[in-house]
Each structure stands twice: as C-alpha cells, then as structure tokens.
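To keep things clear, I will list the structure first and then write my remarks on it.
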Amino acid sequence: MQPQVNGNLTRIFVSPADVVKAGQLLMQIDPLKQSAAVQSQQGTQAQKKALYDYNKIQVDRQKKLYEAGVVSRDAFDQLRRLTRTP
C-alpha cells in the first residue's frame, strides 16, 4: 500500500486482522499539511497573476507611447522581451 498524500495519521479505522474491502476507509490523515500546501500554491498563483497583469499594463502603456512617437521601437521591443508579453 502506498499513500497518495503526506501527513500525520489522526485515526486508524481497522485492526491488523480485519478483512477490508476496496474503497473502505482505513485511516484518517490530518488535513493541516495539505491545506497549508494548497494555500501556498494559491498564494504563488496570485503573485504570478499580479506580476502578469502589471507587465501587461506596462506593455500596453509602452505601446501607446511608441504609437505616439514618444519612445523608440527598440525600447518598446526590449520591454516586450523582458516581460515576455505578446
């Protein structure tokens, strides 16, 4: 038997001599570790989205400045390369 998640066991529902069926609940794992991992991933996702949104705003701003003749094509292209925004 291999666990699908990491964590501390909080309860065991069967004894060593018990006959078990497929799908039967055997153990309960403390959900705190998994909950913390999910929250961490959500935070990372939110941070990456904020950075993407900021870069998109900057590229859009530079594009308008380029179209108005305020900045050079090279400066606009350089910002697009740095932010990897189309």
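The values are calculated or read from the model by the stated rules, or taken from the named source; none is laboratory data. On a predicted model such as this, the values are computed, not experimentally measured, just so you know. Cβ sites come from the backbone with ideal geometry, for glycine too, and all protein chains shown count toward neighbours. Just so you know, the surface numbers come from the protein's heavy atoms only, side chains and all, with ligands and any DNA or RNA stripped out. Shrake-Rupley method; radii C 1.70, N 1.55, O 1.52, S 1.80 Å.
A 1.4 Å probe run over the protein chains yields, for the chain, 88 Å² of accessible area per residue, whole-number rounding. With kT/(6 pi eta Rh) evaluated at 10 °C and eta = 1.306 mPa s, and Rh the Kirkwood radius from Cα pairs, the range 32-71 diffuses with a coefficient of 131 µm²/s according to Stokes-Einstein. Here the label points at M1 and I29, each 7 Å from Cα along the C-beta direction, are separated by 1.3 nm in the simple model.
For the chain, dividing the convex hull volume of the Cα atoms by the residue count gives 126 Å³ per residue.
Gain on full extension, evaluated as 0.36 nm per residue between R61 and R80 minus their Cα-Cα distance, stands at 5.7 nm.
Just the number, please: carbon plus sulfur as a percent of the accessible area of the chain, 1.4 Å probe, no ligands or DNA/RNA counted. Display every interim value, and only then the final one.
Working: 4050 of 7570 Å².
Ligands and nucleic acids excluded, carbon and sulfur reach 53 percent.
FRET efficiency for the S40 to F13 pair, using the beta carbon distance and R₀ = 30 Å, is estimated at 0.55.
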